[in-house]
Structure formats: C-alpha cells, structure tokens
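The values are calculated or read from the model by the stated rules, or taken from the named source; none is laboratory data. Note that this is a predicted model, so its numbers are computed, not measured. For neighbour counting, all protein chains shown are included, and Cβ atoms are generated from backbone atoms with ideal geometry for every residue, glycine included. Side chains are part of the model used for accessible areas, which takes the heavy atoms of the whole protein and leaves out ligands, DNA and RNA. Shrake-Rupley method; radii C 1.70, N 1.55, O 1.52, S 1.80 Å.
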Amino acid sequence: DMIAALKNKSNWQRYFKSLKFALYCMTHPLDGFWDLTHEKRGTYAAANTILILTLIARVASLRFTSFVIDPIYWEDINIFTYIASVLFPLALWVLGNWGLTTLFDGKGRLGQVYMSTCYAIAPYPLLQFPMMIMSNFITLDEAAFYNMLGYISLGWAAFLIIFAMQQIHEFSPGKNILFTIASLFAMLVMVFILLLFFSMISQGVAYFISLAKELLFRL
C-alpha cells in the first residue's frame, strides 16, 4: 500500500537518484533525455517535484525579489493567475505535441512527453531561487545582469524541451524543429477553441438569464 511504499528505503533512493538525474539532462541533453525514457532513469515523482518547485519559484519571485528590480505590490497579486501561467501552457504543450507526433510516427507517449518537459524546465527553478537572493544585493544599474540570468533560465529550458522531444520521439533534428513549430501552432489553435467554447457558454448563460428575467417580469 501507499504507507509501505513511503517507508520503502529503495523507493526514496530511486526518487532522489531520478531527481538528481535532471542535472545530467541539463548538461547532456541528448544522452540524458534518451536515458530518461528509454532506460527509465526518470520518474513521475521527480518530474512532479520539478514542476512544483517551478510553481514555487514563480510565486516566490514575486514576493522575495527586490522591489528595486521588480516593483510588484504583493497585495495586488492573484497567485492563481501566476500558477496558471505555468500549468496552462504546460498542459497545452504536452497535449499538442503528443497529439501531433502520434499522428506522424512519434515514439513518445503522453506520460513521456509530460515527464521530459518537466525535467527540461529544471533550469528555471534552479536559477530563480539564487536570483531572488541576489536581487537584494544589487543596484538598479546592475539589473541588466539579473534580467540576463532570467532570460538564460528560460532559453535553457526551451532548448532542453526541443532536445527532449527529439530524443523521446526519435525524430531527426529537422523533423523535430518542424514538429516543435507545429506544436506551438497547435497550442494557439487549442487556445482559440477554448476561447470560442467559453464565449458560446457565456452567451448561452446570458440568454437564459435574460429569458428568465423576462418571464419573471411578465408574471
């Protein structure tokens, strides 16, 4: 059962080993992401941990980054919006990439796309936490260096995602770039469909509310 699994020492050893493997993937993306799925070096527990750390880093940076560098009033912040800014694009990417590549002989399964993507975003929390501390010891003139580190964390994660998809789907570099662009386009299509769906729902609700008001007025 779950309690027995939590008490199992070997499970914890495998978890920490798979979590540490994210560092190898960051520096050896081709070999790392191949071993992550094909050699089963990764775990969903570690992938979920990286995602949770990313969410924490996203929210914590709003609170602990120096006001001089990032002037944000914590009282005016909607935390759920910032959490959604990570989870929503992640979900769209995983579904879009998996859906497209499945149609064109991609070898990666849905779970593998999710796991690899989570491992690939590891540079973001890894750099964001030190950056929060650093922001409180630099001046506004040195903010350009701080911003550069932020761009590096995002760019590094983006390149790792590209390499990850190439390895798990077993695509050539050219085909992988093509499907990366197609996946981004699929994300836009899904956003459009969702917006259209919610627009239709809101219009339908508004119609029935106005109809009910009209009936009540006549009665």
**Those residues of segment 162-183 which are touching a residue at least 60 places away in the same chain (Cβ under 8 Å) and of a type in the set (A, V, I, L, M), in sequence order** = Ala164, Met165, Ile168, Ala182
**Message:** Between a residue in segment 1-30 that is open to solvent by 60 Å² or more (accessible area, probe 1.4 Å) and any residue that is in a helix (DSSP H, G or I) and modelled with pLDDT under 90, which pairs come within a Cβ distance under 7 Å, given they are 6 or more apart or on different chains?
**Reply:** Asn11/Ala5
**Asked** Does segment 88-105 hold any residues that are exposed (fewer than 13 other Cβ atoms within 10 Å of the Cβ) and among the aliphatic types (A, V, I, L, M), and which are they?
**Response** Leu103
**Asked** Between residues in segment 134-157 that are within 15 Å of Pro71 (Cα to Cα) and residues that are among the acidic types (Asp, Glu) and assigned to a helix (DSSP H, G or I), which pairs lie under 8 Å by C-beta distance while being six or more apart or on different chains?
**Response** none
**Complete:** Contact list, first residue from segment 60-72 and under 14 Å from Pro125 (Cα atoms), second anywhere and of a type in the set (Asp, Glu) and open to solvent by 20 Å² or more (accessible area, probe 1.4 Å), beta-carbon distance below 8 Å, six or more apart or interchain, is Ser61/Asp70; Leu62/Asp70
